[in-house]
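> Following this message is one structure expressed as structure tokens.
The values are calculated or read from the model by the stated rules, or taken from the named source; none is laboratory data. Quick caveat: nothing in here was measured; it's all calculated off a predicted structure. Don't worry about glycine lacking a Cβ; one is built from the backbone with ideal geometry, like all the others, and counts go over all protein chains shown. Just so you know, the surface numbers come from the protein's heavy atoms only, side chains and all, with ligands and any DNA or RNA stripped out. Shrake-Rupley method; radii C 1.70, N 1.55, O 1.52, S 1.80 Å.
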Amino acid sequence: MSILNMTAEEYCEIITARINSLLEQKNLKQLDLSARSNIGQSSLSKILKGEMRLTLQHIFKICTALNIAPEDLLSLNKDIYSDLSIPNYNTLDQTGIFNEQYMNEQVLIQDKNHPAFNGFKNNSFYIYLYSTITSESFLLDGEIIFDATTSSFCRAKMILNTGKVDTEGRPIKKVYSGELIISLTMGACYCVLTNPDIGEICFLNFKHMYLFNRDLECRVGTISSSSSGGNRLPVIQRILISKQPLNVSGKDTSDLEFVQGQLRLNNSKMLISKKDLDDLLKKYANNSVLTDFFEKFRDTTEPEEYYLLDESNMKNVPITSDIKTEGLGILRNISSALRYNKVSTKTDEFVFEYICNKISEK
């Protein structure tokens, strides 16, 4: 069975079936697994019966107790599980990803009927983000869908175009499924998405607001995942969510530079070289409004001398590694590199205004 045709509940049922099968293979009882995993016997029994939702903490403890890698338990492509029967998924509960014991229903909202979900649920949005591979500077696009028609909670599905094709020339897409949860106290939308085919979990966070009878138009948020590069390093980046499609690829790339700018991890202080500004003035020489804006930008700047360093250039410098490490740490502390990046209210306002202007021009 393909993950594309499977709900989160169906997938969890497969995993619990695997755990039961592994217990038989290893000649272990639930009591043995409970003692090894430090999961209460009552809770473990409910998990293996499908009466309690599996959490990441449960999976980690069970895999440690059974001495197996999490990817071996979670993958859908392992031959050792090919003989497992698929349970009847129609009997599964519809409680969402998170077990109720971890949820405070007064502040973390799962109920799709809560007015906080209006404008979000049963809507699809275009998404734009940078590639997580350092050597790739192009934008990725895709779609995120919030569906509240089949469950008591708001399902989330993200389809990401990787920009690559398979051996037959078909576009390669990554598909993630999960759940949208709203925190009223934090004023935030949290979306946990999983892709069991590649063993990845990503976390999406963007600002919530009550929309009542309107649909969400756009949001800039953050997405935390693992890099698609060879080292699979953790990465956090910005993601733009838009009800309207934006022109960032193909023949029409009129929105590309704006979108790229909003996805940059920047702050209110911009560091722009004279050469780059001169290049912009030449590029937009036929747009008197923008060139006037860039000229006014230059008039308000305070020129200073900066040193630009690629840390890799320090590799062959004849200095002991301990001094080099300490020195680079001190320099990084006073450099223009950001300590953190906040998606400010103005960021959302800028994007909203830009998209609304595009709509009004049509």
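> Which whole-Hz ³J(HN,Hα) couplings does segment 232-243 yield from phi under the Karplus relation 6.51 cos²θ - 1.76 cosθ + 1.60, θ = phi - 60°, glycine and proline marked x?
Running phi through 6.51 cos²θ - 1.76 cosθ + 1.60 with θ = phi - 60° gives 6, 7, x, 9, 10, 8, 7, 9, 9, 10, 9, 5 Hz.
> At 1.4 Å probe size, with every protein chain present, just tell me what the per residue accessible area of the chain comes to in Å².
In whole numbers, the chain has 62 Å² accessible per residue.
> While we're on this one: Looking at the P(r) of segment 125-183, how many percent of alpha-carbon pairs lie beyond 18 Å?
Result for the distance tail: 47 percent.
> Still on this structure, please answer the following. Reachable aspartates and glutamates from K282, Cα under 18 Å, same-chain residues fewer than 8 places away excluded?
Partners within reach: E257, D292, E295, D299.
> Longer than 25 Å from Cα to Cα, which of K112/K243; K275/K342; K157/K207 are they? Say none if no pair is.
The pairs that break the limit, which is 25 Å between Cα atoms, are K275/K342.
> If you don't mind, another one. Calculate, for S224 and N123, the FRET efficiency according to 1/(1 + (r/R0)^6) with r their C-beta to C-beta distance and R0 22 Å; round to the nearest 0.05.
The value I calculate is 0.45.
> Which entry in [x] 88, 41, 41; [y] 71, 43, 42; [z] 75, 63, 48 matches Cα extents along the principal axes in Å derived from the coordinates of this structure?
[z]
> At R0 = 35 Å, how high is the FRET efficiency between S268 and T162 if r is their beta carbon distance? Nearest 0.05 is fine.
Result of the calculation: an efficiency of 0.60.
> Filter the GluC sites (Glu not before Pro) in segment 274-310 down to the DSSP loop ones having no more than 11 other Cβ atoms within 10 Å, then list what survives.
Here the GluC sites (Glu not before Pro) that fit, given the DSSP loop and packing criteria, are E304, E305.
> To continue, here is another question. Each label point is 7 Å from the Cα along the Cα-to-Cβ direction; what then is the distance between the points at N231 and S321, in nm?
For N231 paired with S321, the spin-label model returns 1.5 nm.
> Round to the nearest 0.05 the FRET efficiency obtained for V175 and F294 when R0 = 45 Å and r is the Cβ-Cβ distance.
Computed FRET efficiency for V175 and F294: 0.60.
> Given a 1.4 Å probe and every protein chain left where it sits, what share in percent of the accessible area of segment 287-362 is carbon and sulfur?
56
> Another one. Need one number: nm distance between label points at K207 and K243, each 7 Å from Cα along Cα→Cβ, rounded to one decimal.
Between K207 and K243, the simple spin-label model gives 1.7 nm.
> Separate question: Ignoring everything except DSSP H segments at least 4 long, calculate the 222 nm mean residue ellipticity for the chain; use -39,500 (n - 2.57) per segment, divide by total residues, nearest 500.
Value at 222 nm, helices only: -9500 deg cm²/dmol.
> Report the relative contact order of the chain, percent, no decimals, based on alpha-carbon pairs under 8 angstrom and at least 6 residues apart.
Averaging sequence separation for qualifying contacts and normalising by length gives 12 percent for the chain.
> May I ask you to list the residues of segment 167-202 whose amide nitrogen lies under 12 Å from a point 7 Å from Cα along the Cα→beta-carbon direction of H114?
In segment 167-202, the label zone of H114 (backbone N under 12 Å from the point 7 Å along Cα→Cβ) covers 180-190.
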